[in-house]
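Since the structure comes first, as structure tokens, the remarks are kept for the end.
The values are calculated or read from the model by the stated rules, or taken from the named source; none is laboratory data. For clarity, every value in this text was computed on a predicted model and none was experimentally measured. Cβ atoms come from the backbone with ideal geometry, glycine included; neighbour counts cover every protein chain shown. Side chains included, ligands, DNA and RNA excluded: accessible areas come from the protein's heavy atoms. Shrake-Rupley method; radii C 1.70, N 1.55, O 1.52, S 1.80 Å.
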Amino acid sequence: MAVTELTRLKYEDIKPKIGSRILNSKEELMSGELTDEINELLERRGVLVFKKINFTDEEQVKFSNMLGGNATEIGVDGGAVFSISLDRNEHSKEVIEYLKGSLFWHVDGTMNPVPIRGSLLSSKVLPTWGGNTEFSNCYAAYDDLPQDTRDTIDNLKVIHSMWVSQLYHCPEPTLAQLEDWQSKGEIVLPLVWKHQTGRKSLVLGNTAQQVVGMDLRESARTLHGLREFATSEPYHYSHEWEVGDSVMWDNTGTLHRAMPYDPDCGRLLRRTILLGDEPFA
Ligand code: OGA
Ligand code: MN
């Protein structure tokens, strides 16, 4: 009698409130049998680490497609796999400047009503110093806020803009530079995302400009205070890269950032992105 053995997802949690390490082999992951379980775990844990999985570009695209579609980031002409690198041989000056925005806590694609669902980064060249990628779980942080804070913030709206995020790493732009950033527009998003699953998460990061209708100083205290809390130890995971590692995050319920590194060191991550399917709400 033939015995059919189902491949199951094997993993261990990294910290109680964020991150799981996937233990299956590449062959098991590429079989397609684990797709639903991986997507479910991603949403629940925020970050999945595939230690030394050594995906080729082709495998990374195939794996991303299996999980629900690999997209090209809007506004960045990267093709199916995009190089995260500050190397002048990889990208134009404009793209390098834009990528420097990732040195501060952010959500990818807040300027789009339907943000990307997640991303998968694979390490190809290590930085000489620094360059960890850090994540924080904004579902878990929201859940742990005191009830009165949740009641106060639940229906607040926040203006997000690209130009504000660029000021973090370029605080004294030329007027022309500022005008170019501002031409990318602004968008009003809920501070608390009420997901279709019924779960809620905080929408924060360097594009968050001001709480609508709130005094500027109180707004800054609200946004920075929540960001400080959401990125504090219990909700925070810092990934120290080894070549061949891949890390995937749920962009709809986490913040992430790159830690500073030598911009000339050739650090290279290859990125695929999972198509978004849920508008901010
Ligand atoms: C990204 C990103 C962080 C890093 O790919 O969206 O923010 O560590 N990357 O390079
Ligand atoms: Mn990013």
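Out of the residues in region 87-145 meeting the condition of being more than 19 Å from the chain's Cα centre (by Cα) and within 21 Å of residue 164 (Cα to Cα), tell me which one is farthest from ligand 2 (Cβ to nearest atom).
93
Per-residue answers, yes or no, for (1) within 16 Å of ligand 2 (Cβ to nearest atom); (2) assigned to a strand (DSSP E or B):
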{"residue": "196", "(1), (2)": "no, no"}
{"residue": "205", "(1), (2)": "yes, no"}
{"residue": "213", "(1), (2)": "no, no"}
{"residue": "238", "(1), (2)": "yes, yes"}
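Within region 32-134, considering only helices (runs of 4 or more DSSP H) that don't extend past its boundaries, which have at least 3 residues that are away from ligand 1 (no atom under 11 Å from the Cβ) and open to solvent by less than 40 Å² (accessible area, probe 1.4 Å)?
Counting at least 3 such residues, we get 35-45, 57-66.
Among the residues of region 168-189, count how many are within 24 Å of the chain's Cα centre (by Cα) and within 13 Å of residue 98 (Cα to Cα).
5
Here's a check for you: in region 241-278, which residue that is basic (Lys, Arg) and within 13 Å of ligand 2 (Cβ to nearest atom) is most open to solvent (accessible area, probe 1.4 Å)?
The residue in question is 257.
What's the total number of residues in region 157-197 that are open to solvent by less than 60 Å² (accessible area, probe 1.4 Å) and farther than 19 Å from residue 231 by Cβ?
Residues flagged as open to solvent by less than 60 Å² (accessible area, probe 1.4 Å) and farther than 19 Å from residue 231 by Cβ within region 157-197 amount to 14.
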